[in-house]
Amino acid sequence: MAGKRVLYHEAYGRGMLAAIYEKLDDQDLRQAREQDISIETLSLQKLFLYLIEGGL
């Protein structure tokens, strides 16, 4: 997901958790599947928390 606007990231076990604030197109989704990246929704509360913490 190079070049995407990352609001938040943290190491999570052997992987990483990241919140990305951009629309993902078909190519992004295909690339995520190829790299075994899980894409999930973000709660509104966490979105605002990440926006406030990041100073955006």
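The values are calculated or read from the model by the stated rules, or taken from the named source; none is laboratory data. Being a predicted model, the structure only gives us computed values, none of them experimental. Cβ placement follows ideal geometry from the backbone for every residue including glycine, while neighbour counts extend to all protein chains displayed. The accessibility values were calculated without ligands, DNA or RNA, using every heavy atom of the protein model including side chains. Shrake-Rupley method; radii C 1.70, N 1.55, O 1.52, S 1.80 Å.
Please calculate how many Å² of accessible area the chain carries per residue, with a 1.4 Å probe and no DNA, RNA or ligand atoms counted.
Numbers: 4980 Å² over 56 residues.
Each residue of the chain exposes 89 Å² on average to a 1.4 Å probe.
Heavy atoms only, probe 1.4 Å: what % of the accessible area of the chain goes to carbon and sulfur, would you let me know? Please report the intermediate quantities before stating the final value.
Values: 2570 of 4980 Å².
Ligands and nucleic acids excluded, carbon and sulfur give 52 percent.
Within the chain, which trypsin sites (Lys or Arg not before Pro) sit in a loop by DSSP and count at most 15 neighbouring Cβ atoms inside 10 Å? Mind dumping the intermediate values first?
Details: sites: Lys4, Arg5, Arg14, Lys23, Arg30, Arg33, Lys46; in loops: Lys4, Arg5, Arg14, Lys23.
When the trypsin sites (Lys or Arg not before Pro) of the chain are filtered for loop state and at most 15 Cβ neighbours within 10 Å, Lys4, Arg5, Arg14, Lys23 remain.
Quick one: which residues, 5 or more positions from Leu7 or on another chain, have an amide H under 5 Å from its amide H? H modelled 1.01 Å from N in the peptide plane, none for Pro or chain starts.
Residues meeting the amide H criterion: Ala19, Ile20, Tyr21.
Nearest 500 deg cm²/dmol is fine: what mean residue ellipticity at 222 nm does the chain get from its DSSP H runs of n ≥ 4 alone, each adding -39,500 (n - 2.57), divided by its residue count?
For the chain, the value works out to -10500 deg cm²/dmol.
Testing the spin-label approximation: label points 7 Å from Cα along Cα→Cβ at Glu53 and Gln31. State their distance in nm.
A separation of 2.4 nm, rounded to one decimal place.
Roughly what angle does helix 44-54 make with the longest principal axis of the chain, taking Cα atoms, 0 to 90 degrees, to the nearest 10?
In the chain, helix 44-54 runs at an angle near 80 degrees to the longest axis.
To the nearest 0.05, how large is the calculated FRET efficiency for Glu40 and Arg5 if R₀ is 25 Å and r is the Cβ-Cβ distance?
Values: r = 17 Å, r/R0 = 0.69.
That pair, Glu40 with Arg5, gives E of 0.90.
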